[in-house]
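Nothing in this text is a laboratory measurement; each read-out follows from the coordinates by a stated rule. Just so it is clear, the model here is predicted, and its values are computed rather than measured. As a convention, Cβ positions derive from the backbone with ideal geometry for all residues, glycine included, and neighbour counts pool all protein chains shown.
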């Protein structure tokens, strides 16, 4: 069994994710998100989709990017 790096659960179906050369063990996607997903530069929620990147920052949506002064972004294609 393997121990989750976030919650410490010793779980027989744990999995590992490697990001930027660092490998962590998780017992659930929820723990993986807590440890590895970036946070929105505006509202601080975890960005688990594509999000919006601008000026070196990651935002969960165009709305948050606009609130931070990013121009020309939209959540929907025209």
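Comparing 20, 32, 41 in a Gaussian network model of the chain (Cα springs below 10 Å), the most mobile by mean-square fluctuation is 20. Based on C-alpha pairs under 8 angstrom that are at least 6 apart in sequence, the chain has a relative contact order of 17 percent. Placing a pseudo-label 7 Å from each Cα along the Cα-to-Cβ vector at residue 67 and residue 12 gives an inter-label distance of 4.5 nm. Where [x] 13.2, 44; [y] 19.0, 55; [z] 15.8, 50 are the candidate values, the label of the one calculated here for Rg and Dmax of the Cα atoms in Å is [z].
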